[in-house]
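**Student:** Pasting in a structure now, in structure tokens, and then I'll have a few things to ask.
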Amino acid sequence: MASEANGSLANEKAPETVGVGRYVEMEQDGDSNTVKSRLSGLLWHGGSAYDAWFSCASNQVAQVLLTLPYSFSQLGMLSGILFQLFYGLLGSWTAYLISILYVEYRTRKEREKADFRNHVIQWFEVLDGLLGRHWRNVGLAFNCTFLLFGSVIQLIACASNIYYINDKLDKRTWTYIFGACCATTVFIPSFHNYRIWSFLGLVMTTYTAWYLAIASIIHGQVDGVKHSGPTKMVLYFTGATNILYTFGGHAVTVEIMHAMWRPQKFKAIYLLATLYVLTLTLPSAAAAYWAFGDELLTHSNALSLLPRTAFRDAAVVLMLVHQFITFGFACTPLYFVWEKLIGLHDCRSLCKRAAARLPVVVPIWFLAIVFPFFGPINSAVGSLLVSFTVYIIPALAHMITFRSASARENAVEPPPRLVGRWTGTYMINAFVVAWVLVVGFGFGGWASMTNFVHQIDTFGLFTKCYQCPPPPLPPATPLPFPGGLSNITMPFAGGLPPAAAPSPAHFRHQHRHHSHGL
């Protein structure tokens, strides 16, 4: 891409800079020799292939790591492992397609002397440039809705996790608190500035994953453990769509690519990130399911079953910080869309852009309070939104973009021989569309929405504390019994239904009868 762009823009200095991938977001170029600039470059200005790998791996696993044991209890051990491998491969393929379409779009625009130095390319713009406004509208609707609920899920996960350290506040109150904390992501300009956060995020999920695996093994199997899954189709496909969601985190692929100095190097980054993520998700989910079995069916957050220790508290705290980071990953593309809508995307003032972004956080905050269903909401989002956003639409877009012989001949990045060139690519894309449409959206949508509605019927909307342990029974209430027997308690204090308890009139009658006998 770079050589063609440079050849066509040799006489245009500014576009040539863009053609070689020089990405300038909101920072001013300054003296690169100062201590401040070197420190900023180390922690803040990330645009290498390594930064992209950290961003992809960190964003991909996130809080879903804690719900995968729950999915294993729905799927069973064998299906859980196979679905992870299958959807990991499928997700890597569609991320590759998105990267190819991005490079194609950017190269065409740079040949037209477009300048992206102060503009972040997004997925809906790629669809618009390659396929027209109808594709843009569909892509924009699915992508924004998915990212909106992806941000909602991070807030729910924050409240769910912190509750296992401090249960003095209910989960809904914790959602209020973390909503305010996550709103500070409005000050992070773009994915170009997530260098240190991406690195730390992956370190945190690595610790949590191996803590889950090792702690589950040390804990051992609970008494009478059962591994009965799969037992119901609803549960089976709900678990499958949660794994579909796990490896469908590349709704921000285009933004991550655009933050790279050399976007054309992205090709295999997502696959390499997925391979690393599998080393985290497979051992942790398998070990937790082995230890707790069917108990996970009513504990969508695996941390809730492990005894409280300093190691578990560390895992909770690290995941809280990581969920803050992932909230920023999911919400930043929404910030960009909102900025473009109100005409502030090219504003150089960070404070103005941050203030303008705040209205985006409000609906996310509200929805996290309405639907606090940690676990089931992942499956619902996976089946209804991820299936189209990151699987079906990219595969269809690639097929239609290169449907003509001239488009294939002039393609910037033709498919490799390993996948069978254009014929093999078309067949793989057709399989992806058919499989995800039938299994992911069809069966998965039915199962996940059935489960989601069941959660609403069971817990209700705006529930204060989803899947919290019931409060302890109050101590027996002393009854002021006639004759000074104040230590006699009500028979129903131990839990009998009120209808079975003797009435006060009965006690008065017994007292009168006893007095007459004396």
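The values are calculated or read from the model by the stated rules, or taken from the named source; none is laboratory data. Computed from a prediction, not measured in an experiment: that's the story for all the values here. As a convention, Cβ positions derive from the backbone with ideal geometry for all residues, glycine included, and neighbour counts pool all protein chains shown. Ligands, DNA and RNA are stripped out before the accessible areas are found, and what is left, the full protein with its side chains, is counted by its heavy atoms. Shrake-Rupley method; radii C 1.70, N 1.55, O 1.52, S 1.80 Å.
**Student:** Got a number for residues in segment 324-355 being among the small types (Gly, Ala, Ser) and out of contact with any helix residue (DSSP H, G or I) (no Cβ under 6 Å at 6 or more places or on another chain)? I'd like the intermediate steps shown before the answer.
**Tutor:** Initial filter on segment 324-355 (among the small types (Gly, Ala, Ser)): 328, 330, 343, 349, 354-355.
From what is left, the residues that are out of contact with any helix residue (DSSP H, G or I) (no Cβ under 6 Å at 6 or more places or on another chain) are 343, 349, 355.
Here the count works out to 3.
**Student:** Still on this structure, please answer the following. Please state which of the following conditions residue 352 fails to meet, knowing it meets all the rest: (1) of a type outside the set (Ser, Thr, Tyr); (2) farther than 17 Å from residue 254 by Cα; (3) in contact (Cβ under 8 Å) with a residue 24 or more places away in the chain.
**Tutor:** (3)
**Student:** A follow-up question, please. Identify, please: which residue in segment 35-53 is surrounded by fewer than 24 Cβ atoms within 10 Å (Cβ to Cβ) and modelled with pLDDT of 85 or more and is, among those, farthest from residue 296 (Cα to Cα)? Before you say what the answer is, go through the steps one by one.
**Tutor:** Within segment 35-53, the first condition is being surrounded by fewer than 24 Cβ atoms within 10 Å (Cβ to Cβ), and the residues that meet it are 35-45, 47-51, 53.
Remaining after also requiring modelled with pLDDT of 85 or more: 48-51, 53.
Working: 48: 40, 49: 38, 50: 36, 51: 35, 53: 32 Å.
The qualifying residue farthest from residue 296 (Cα to Cα) is 48.
**Student:** Looking only at segment 338-370, how many residues end up being among the β-branched types (Val, Ile, Thr), within 19 Å of residue 146 (Cβ to Cβ) and crowded, with 19+ Cβ neighbours inside 10 Å? Can you show your working first?
**Tutor:** Filtering segment 338-370 for residues among the β-branched types (Val, Ile, Thr) gives 342, 360-362, 364, 369-370.
With the extra rule that they be within 19 Å of residue 146 (Cβ to Cβ), the set shrinks to 360-362, 364, 370.
Restricting the remaining residues to those that are crowded, with 19+ Cβ neighbours inside 10 Å gives 360-361, 364.
Matching residues across segment 338-370 total 3.
**Student:** Oh, and also: From the list 253, 279, 205, 231, which one is over 24 Å from residue 126 (Cα atoms) and crowded, with 21+ Cβ neighbours inside 10 Å?
**Tutor:** Going through 253, 279, 205, 231 in turn, the sole match is 205.
**Student:** Identify all residues within segment 54-74 that are closer than 23 Å to residue 330 by Cα, open to solvent by less than 20 Å² (accessible area, probe 1.4 Å), at pLDDT 85 or above and not hydroxyl-bearing (Ser, Thr, Tyr); write none if there are none.
**Tutor:** Once the filter is applied, which keeps residues that are closer than 23 Å to residue 330 by Cα, open to solvent by less than 20 Å² (accessible area, probe 1.4 Å), at pLDDT 85 or above and not hydroxyl-bearing (Ser, Thr, Tyr), segment 54-74 yields 56, 57, 65, 66, 68.
**Student:** Can you name the residue in segment 160-206 that is at pLDDT below 80 and touching a Leu at 6+ places or on another chain (Cβ under 6 Å) and, of all such residues, is nearest to residue 334 (Cα to Cα)?
**Tutor:** Result: 161.
**Student:** Scan 284, 383 and give me the residue that is out of contact with any Cys (no Cβ under 9 Å at 6 or more places or on another chain), among the polar types (S, T, N, Q) and at pLDDT 85 or above. Break it down into steps so the answer makes sense when it comes.
**Tutor:** Numbers: 383 fails: at pLDDT 85 or above.
Just one listed residue meets the conditions, 284.
**Student:** Check whether at least one residue in segment 246-258 is more than 21 Å from residue 438 (Cα to Cα), of a type in the set (D, E, K, R) and out of contact with any helix residue (DSSP H, G or I) (no Cβ under 6 Å at 6 or more places or on another chain), and report yes or no.
**Tutor:** no
**Student:** OK, next. Return the pairs, sorted by first residue and then second, in which the second residue is open to solvent by less than 40 Å² (accessible area, probe 1.4 Å) and not in a helix (DSSP H, G or I), the first residue lies in segment 213-235 and is over 30 Å from residue 445 (Cα atoms), the beta carbons are less than 7 Å apart, and the residues are 6+ apart or on different chains.
**Tutor:** Hits for this filter: 215/306; 219/306.
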